[in-house]
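A.B. asks: What follows is a single structure, and I will ask about it in a moment.
The values are calculated or read from the model by the stated rules, or taken from the named source; none is laboratory data. If you're wondering where the values come from, they're calculated on a predicted model, not measured in any experiment. All Cβ positions, even for glycine, are placed from backbone atoms using ideal geometry, and neighbour counts span all protein chains on display. Protein only, heavy atoms only, side chains kept; ligands, DNA and RNA dropped before computing areas. Shrake-Rupley method; radii C 1.70, N 1.55, O 1.52, S 1.80 Å.
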Amino acid sequence: MRTSRRLTAGLFVLPLLSGCFASSGDDSSASADGAAGGARLRVALPFAPTENYSPYGQDAMLLSRLGVTEGLTRLDANGTAVPALAESWSSENGGRSWVFTLRDATFQDGGVVTAEAVADALTAAGKADPAPSALSGVKLTATAEDDERVRVVTAEPDPVLPLRLSNPSLAVFAPKAYDKKGTVNVVGTATGPFALTRIDGDTAATLDRFDDYWGGRAQASGVTARFVSDGTARANALRTGQVDIAESLPVTQVASLDEDDVHEVNTARNTGLYLNTRSGAFTDAGLRAAAREAIDTSVIAKGAYEGYAVPAQGLFGPALTWAAGKRVEPAGRARATRPDGESITLAAYSDRPELPETAQVLQQQLRKAGFKVKLEVRTYARLEGDLLDGKFDAAVFSRNMMLDTGDPVTVLASDYTCDGSNNLSFLCDKSVDRMVAAAQAESGTAERQDAAMKAEAAVLGTDSVIPLVHLKLVAGIATDVRGALPDPYERTLIGTGTRR
């Protein structure tokens, strides 16, 4: 048997945060523990959990950034799959079968991470409905070879399976976390350096250090996380010392902060205008073309983003240095037709404060082109259901194109194919599906990138999405914080070395 070895404006909003990070029993112990115990970290995040911390949706990214979860692999700074719970892996049968050898690790409930537990976790993820975006178009079977090795088999060769398994939605939890209905209780059942110990609805969460983490004892004793959708409030909380880290700062607030507290990271995140091709005005390709021709993306980059973004060149931006030299010009676009007062509803969410401003700019530009435009702005939690149900003609949406796997083809499959699980444009185009399938069949990195850019051109040729800008991540990190981990893939923020 294996044995285990022992993560200036807006002052009126301040009362909303007053005391949020100073009480509740979290920080009182931090000062008493001092350097030995490690002070607790206080973090303000823009997006509240929308699915009760289910690992199979967007909440998975939240758990990953807070250091709660991990899978068999993770992405390094170059987007390469490197070991996490798996120490090593190898492929067999032409890439249809992969064997992952596990390291000695312990679940936060004290159980040993075994191959059987890992196989059961991956099987549960594969049965989730809807399926995690990382598994879009992929059916996998996971079995335990012995206590230390897991075999993962896919119906078709999957050359990027190690990348795919780095997705936070494929994190591994203790057996007791799973129930017969398919839900996962993530409280105290993951494997990361910090264990989720208390949930206060969708407003806050408490995490405590997991002392038996395989990667070493975290330097912070825990994390107090608050979900604050108002960007000005997050910036004010950082400036007044109520939080140590404020994620996704509004660009309008940067000038009001100490420059040493502001950290920029180039990301693979784009803001785009997604047009509903399934119902409403934009089922007409000519009207989609008219919308594209009406939009001046430089105004959005300079205005809404104040220079913290550049006009989009496609779906894959300059943070992916290989993309520019491989880009293919879209072909076969429809000719624009006159809108003639066609009414459309344009949706945006307020959690990213630049998006409503972007929507206002788009409203003006589309109106000038002849559309009648109604704006619908809500928090993402209140918008998501209607967005996924296709109740809007268009939506301004921010998307990290490498978030799912670090593989460009995977995100194309999930976002733009008929069976895609994150297809906000509801695009179903045989030519696009064919190009994406061809890209999925490539195993070499360069060949896969070439095929991805051809598929990108096919997607853009439909005008189902209009890329607007490529973004920089602006995070607020207090000067006394060390070891924070903002990254281009937006999967990490808090790790074992993050401390104050």
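A.B. asks: From the residues in region 188-203 that are out of contact with any strand residue (DSSP E or B) (no Cβ under 8 Å at 6 or more places or on another chain) and crowded, with 16+ Cβ neighbours inside 10 Å, which one is farthest from G241 (Cα to Cα)?
C.D. replies: Checked region 188-203; the qualifying residue farthest from G241 (Cα to Cα) is T189.
A.B. asks: Quick one: is V99 hydrophobic (A, V, I, L, M, F, W, C) and either open to solvent by 40 Å² or more (accessible area, probe 1.4 Å) or in contact with a His (Cβ under 6 Å, 6 or more places away or on another chain) (or both)?
C.D. replies: Criteria not met by V99.
A.B. asks: Quickly run through region 454-493 and pick out the residues that are farther than 30 Å from A44 by Cβ and not in a loop (DSSP other than H, G, I, E, B).
C.D. replies: K454, A455, E456, A457, A458, V459, L460, G461, V465, I466
A.B. asks: Cβ-Cβ below 7 Å, separation at least six or inter-chain, first residue in region 312-341 and more than 18 Å from M402 (Cα to Cα), second assigned to a loop (DSSP other than H, G, I, E, B) and among the small types (G, A, S): which pairs?
C.D. replies: Note: pairs meeting the criteria are R338/G370; P339/G370; D340/G370; G341/G370.
A.B. asks: Could I ask something else about it? In this structure, does E92 turn out to be at pLDDT below 95 and over 26 Å from the mean Cα position of the chain (by Cα)?
C.D. replies: Against the criterion (at pLDDT below 95 and over 26 Å from the mean Cα position of the chain (by Cα)), E92 qualifies.
A.B. asks: Which one of V43, V112 is open to solvent by less than 10 Å² (accessible area, probe 1.4 Å) and out of contact with any helix residue (DSSP H, G or I) (no Cβ under 8 Å at 6 or more places or on another chain)?
C.D. replies: Residue meeting the stated conditions: V43.
A.B. asks: Right, another one. Can you give me the number of residues within region 166-184 that are in contact with a strand residue (DSSP E or B) (Cβ under 9 Å, 6 or more places away or on another chain), among the β-branched types (V, I, T) and open to solvent by 50 Å² or more (accessible area, probe 1.4 Å)?
C.D. replies: 0
A.B. asks: Please state which one of A290, A304 is outside any helix (DSSP H, G or I) and surrounded by 21 or more Cβ atoms within 10 Å (Cβ to Cβ).
C.D. replies: Answer to the check: A304.
A.B. asks: Does A452 fit the bill of being of a type in the set (G, A, S), open to solvent by less than 10 Å² (accessible area, probe 1.4 Å) and in contact with a Phe, Trp or Tyr (Cβ under 6 Å, 6 or more places away or on another chain)?
C.D. replies: Taking the combined requirement at face value, the residue does not satisfy it.
A.B. asks: Follow-up. So how many residues does region 49-65 have that are more than 13 Å from the chain's Cα centre (by Cα) and crowded, with 18+ Cβ neighbours inside 10 Å?
C.D. replies: 3
Yes or no, residue by residue, for (1) over 19 Å from T462 (Cβ atoms); (2) not hydrophobic (A, V, I, L, M, F, W, C):
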position: G280; (1), (2): no, yes
position: I300; (1), (2): yes, no
position: L315; (1), (2): no, no
position: V328; (1), (2): no, no
position: A348; (1), (2): yes, no
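A.B. asks: For region 421-449, what are the residues that are over 23 Å from the mean Cα position of the chain (by Cα), surrounded by fewer than 20 Cβ atoms within 10 Å (Cβ to Cβ) and assigned to a helix (DSSP H, G or I)?
C.D. replies: If the condition is that a residue be over 23 Å from the mean Cα position of the chain (by Cα), surrounded by fewer than 20 Cβ atoms within 10 Å (Cβ to Cβ) and assigned to a helix (DSSP H, G or I), then K430, S431, R434, A437, A438, A446, E447 are the ones that fit.
A.B. asks: For region 320-420, please list each of the strands (runs of 3 or more DSSP E) lying entirely inside it that holds at least 3 residues being acidic (D, E) and open to solvent by less than 10 Å² (accessible area, probe 1.4 Å).
C.D. replies: Per the criteria, no element qualifies.
A.B. asks: For region 300-341, which residues satisfy the criterion of being within 26 Å of the chain's Cα centre (by Cα) and more than 26 Å from D450 (Cα to Cα)?
C.D. replies: Of everything in region 300-341, those that are within 26 Å of the chain's Cα centre (by Cα) and more than 26 Å from D450 (Cα to Cα) turn out to be I300, A301, K302, G303, A304, Y305, E306, G307, Y308.
A.B. asks: Of the residues A44, A48, A77, A39, which is over 21 Å from A174 (Cα atoms) and either among the charged types (D, E, K, R) or part of a strand (DSSP E or B) (or both)?
C.D. replies: It is A44.
A.B. asks: Quick one: which residue in A309, A347 is under 25 Å from D487 (Cβ atoms), of a type outside the set (F, W, Y) and touching a helix residue (DSSP H, G or I) at 6+ places or on another chain (Cβ under 8 Å)?
C.D. replies: The match here is A309.
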